[in-house]
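**Student:** The following block contains the structure, expressed as structure tokens.
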Amino acid sequence: MAKVDTYIREQIDQFELDVKQKNTLGGLLRLCHEHLDKTDDELITRAFKLCCKSHENDVRASGEPYYLHPVEVAKIMAEEFNIDDVSVVAALLHDTVEDTSVTLDTIEELFGSTVKHIIDGLTKIMGVFENRDTKQAETFMKLLLSMAEDIRVVLIKFADRLHNMRTISHLPKQKQLNKATETMELYAPLAHRFGLFKIKNELEDLCFKVIDPNSYKFLVRKLREKREAREVFIEEFMKPIKDELKEQNFTFEIKGRSKHIYSIYRKMQMQQKPFEEIYDLFAIRIILEDPHTKEDCWRVYSVITDWYTPIPKRFRDFISVPKANGYQSLHTTVITKKGRKVEVQIRTRKMDYIAEQGLAAHWKYKEGNNSGSSELDKFVHWVRDVLEAPRPDAATEFVKDFQLNLYQDEIYVFTPHGELKTLPNGASCIDFAFEIHSEIGERSVSAKVNGKMVPLRQKLKSGDQVEIITGNKINLNPDWMNDVVTHKAKARIRQFIKQKERRIANEGRELWEKRAARGKVEISDQELTKIAKKFKFNDAQEMFYEIGSGAFDVSGLYKRVKELKSKGRIEDEQEESQKQSEETITDEYYTTARSVGDGKALLVDGELSNVKYSYANCCNPIPGDNVIGFLSRNGDVKIHRSNCKNAHHLIRTDSERIIDVSWAKNIDTQFLGAIKVVGEDRVGLVNDLTEVLSKSLQTNMKSINVSSEGGMFEGIITAYVNDLKHLEKILRKLQKVNSIKTVMRYE
Ligand code: MN
């Protein structure tokens, strides 16, 4: 292993750059030194070389060598975000794992685990953006935050998109429109939410140029025509202010740039005003260089208002009360002698930095539902820290400390049409199905996650695309209760279980009524309830349920009713139990079972056992299963699997009737085992399944029921097996049959 890795490193370090590449690298390093606190030249050089080498045969749509794209993305990381050299390295490598043969292991070996994690995160979120309904920018942001563990992943994604938009003219028109629409709907609002206003503005202008080239050109021309007049006006307006500020020893920069093109256009549209009216609303920004403080902003404010008349209504103090995203500035609108309104913004260099490209002016969740989370606290602390005592290294510290796990409680998954759904963490495909529609949930047969067949109970994670395959009949399984977390799914499954219990109870009642009619016994509902209580059921309904499910024999009930009827009347439980508690069948058998087991387990099918027993047909236990015995009221011991739902019910309600049982060593009877197989349907599948059973496993099949729907195959096979080992062997063999996705024991 170590040998191979050394070899890769040597290979990269010895990679010869051509003259153009050398110059490009030199430019990038200069930029890093200019904008970053510290730069690891060696690491960046190595990343640059790997980038050149791995993309050596790739060409961009423009015809340029591909490596220039990652380099430009890296430059954006250094220049626009100026976080750290790790981001620059990761940006250089951002397309390598996805597009070339470079592996994550190699990345880790050469650049360390942080770079690896960033690249991994980028590769993971890559697919999430393709062909989605991008109008849900807000949910997308949460999705991004829940998937990307490192904020640098998100920032590189923005830088990547920015460069792709800057070079979009090389793509075919249709692709340009696609990308531009997606960027406008998704990336620009996201950039806004992250507080990346500069990036957002540039993205919007680039999109606007593609989407509405005529309006774009018109506005560019207009702006060019007006530029000179504008500069003259600003010059005149600021002249007295500048002089006064210099007099008072202020160091500052004045920005009089117009709004970005797209926002002028949007204002024209929204306010239905001509270009001139929008454009003429000047905004001038005065940025105080370090080490000026917020108090100095107020002094500048007083200088300005000495010269120009302020409009009181338009005054805003975002310094004492920063905006939710951390934005700080003083805003005032003043009127010139000629009656022209000018908005003046006053802020320090640091405030400007945070407003335009700071890391975190950033996001602040309006929803406020995370106020209790410690991560958010950490974040808020950090913002306050930066705002109050700006430190150059704060951003670097921040990305190290702050893990983007604000949305750990939720996951974000896609429908096949790219629509986003929010689910609680831990949700399965079943939850998803019920979330779409309860009917989809009830009929779901199987699921595909990211195009692959998975069991319905599979848990989902953010970014998954989920498709539910449904049958034309209800397929709801009470066991699903263990695999769901949403209220919606739980409620429906519970309702289903109730309905099923009612149906079974009704069947039980019918069985009883037939038996009673045959024996010409007449009994009122009231008397039935009393009888049920004698048998220690809660009510008649529960008794009928047990009859319906085969756990309680109807002839046992009949015998007892006959017996009691012959005594004339059916008494209340208390009265009767006092009189004859000694002689109940239950107790008789209870004693028998105890004596046989001698305090130890009752051996099923062993020579020791002379107790009547049978296997519960709700769970079909087979030797090897963990089992418990249940002493039924008419005398025999029913063997259940210990994980059987009915058994659990019995343990809860009738624990004194549970008997410890275990399997004898040698059992030569055969047992019925049921197996469920799900897969993609194909010709000859049933044949292959039966072949495996009969030929390679010498197993006799009792039945096979198959259904096929939308290319999906589902089969229930019952077969005679010796024991659990035998059954497990069958499961393993069936799993290997071509196109079979899941094989499980069927209850
Ligand atoms: Mn890229």
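The values are calculated or read from the model by the stated rules, or taken from the named source; none is laboratory data. Note that this is a predicted model, so its numbers are computed, not measured. Don't worry about glycine lacking a Cβ; one is built from the backbone with ideal geometry, like all the others, and counts go over all protein chains shown.
**Student:** Name, by its number, the condition in (1) surrounded by fewer than 17 Cβ atoms within 10 Å (Cβ to Cβ); (2) closer than 17 Å to PHE275 by Cβ that does not hold for VAL232.
**Tutor:** (2)
**Student:** Condition first: assigned to a helix (DSSP H, G or I), surrounded by 12 or more Cβ atoms within 10 Å (Cβ to Cβ) and of a type in the set (Lys, Arg). Now tell me which residues in region 303-323 satisfy that.
**Tutor:** Residue satisfying the conditions is ARG314 alone.
**Student:** Still on this structure, I have one more. Within region 50-85, restricting attention to residues that are of a type in the set (Asp, Glu) and out of contact with any Phe, Trp or Tyr (no Cβ under 7 Å at 6 or more places or on another chain), which residue is surrounded by the most Cβ atoms within 10 Å (Cβ to Cβ)?
**Tutor:** ASP84
**Student:** Another one. Just to check your reading of the model, which residue among GLU467, GLU397, GLU410, GLU388 is modelled with pLDDT under 80 and under 19 Å from the mean Cα position of the chain (by Cα)?
**Tutor:** GLU410
**Student:** Could you tell me which residue of region 96-132 is modelled with the highest pLDDT, considering only residues that are in a loop (DSSP other than H, G, I, E, B) and surrounded by 15 or more Cβ atoms within 10 Å (Cβ to Cβ)?
**Tutor:** Among those that are in a loop (DSSP other than H, G, I, E, B) and surrounded by 15 or more Cβ atoms within 10 Å (Cβ to Cβ), it is VAL102.
**Student:** Cβ-Cβ distance below 6 Å, separation of 6 or more or different chains: which pairs start in region 287-307 with a residue that is not assigned by TED's automatic domain parsing to the domain that holds MET238 and end on one that is assigned to a strand (DSSP E or B) and acidic (Asp, Glu)?
**Tutor:** Final answer for the pair search is none.
**Student:** Same structure again: Does ARG652 fit the bill of being modelled with pLDDT of 85 or more and surrounded by fewer than 15 Cβ atoms within 10 Å (Cβ to Cβ)?
**Tutor:** Working: modelled with pLDDT of 85 or more: no; surrounded by fewer than 15 Cβ atoms within 10 Å (Cβ to Cβ): yes.
Answer is no for this residue.
**Student:** Another question about this same structure. Do you know which of the residues in region 693-710 that are hydroxyl-bearing (Ser, Thr, Tyr) and out of contact with any helix residue (DSSP H, G or I) (no Cβ under 7 Å at 6 or more places or on another chain) is surrounded by the fewest Cβ atoms within 10 Å (Cβ to Cβ)?
**Tutor:** SER703
**Student:** Would you please name the residue that is modelled with the highest pLDDT, looking only at residues in region 220-245 that are among the basic types (Lys, Arg) and in contact with a Phe, Trp or Tyr (Cβ under 9 Å, 6 or more places away or on another chain)? Spell out how you get there, then give the answer.
**Tutor:** Let us first name the residues in region 220-245 that are among the basic types (Lys, Arg), namely 221-222, 224, 226-227, 230, 239, 242.
This time we only want the ones that are in contact with a Phe, Trp or Tyr (Cβ under 9 Å, 6 or more places away or on another chain), so: 222, 226, 230, 242.
Numbers: LYS222: 85, LYS226: 79, ARG230: 80, LYS242: 89.
Looking at residues that are among the basic types (Lys, Arg) and in contact with a Phe, Trp or Tyr (Cβ under 9 Å, 6 or more places away or on another chain), I get LYS242.
**Student:** Within region 507-548, track down each residue that is surrounded by 20 or more Cβ atoms within 10 Å (Cβ to Cβ) and of a type in the set (Ser, Thr, Tyr).
**Tutor:** TYR545
**Student:** Moving to a separate point now. Identify the single condition in (1) crowded, with 18+ Cβ neighbours inside 10 Å; (2) outside any helix (DSSP H, G or I) that ASN249 does not satisfy, given that it satisfies every other one.
**Tutor:** It fails just one condition, (1).
Yes or no, residue by residue, for (1) in contact with a strand residue (DSSP E or B) (Cβ under 8 Å, 6 or more places away or on another chain); (2) aromatic (Phe, Trp, Tyr); (3) in the same structural domain as ASN164 (by TED's automatic domain parsing); (4) over 18 Å from THR103 (Cα atoms):
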| residue | (1), (2), (3), (4) |
| --- | --- |
| LEU17 | no, no, yes, yes |
| CYS32 | no, no, yes, yes |
| HIS35 | no, no, yes, yes |
| GLU42 | no, no, yes, yes |
| SER54 | no, no, yes, no |
| LEU68 | no, no, yes, yes |
| VAL71 | no, no, yes, yes |
| PHE81 | no, yes, yes, yes |
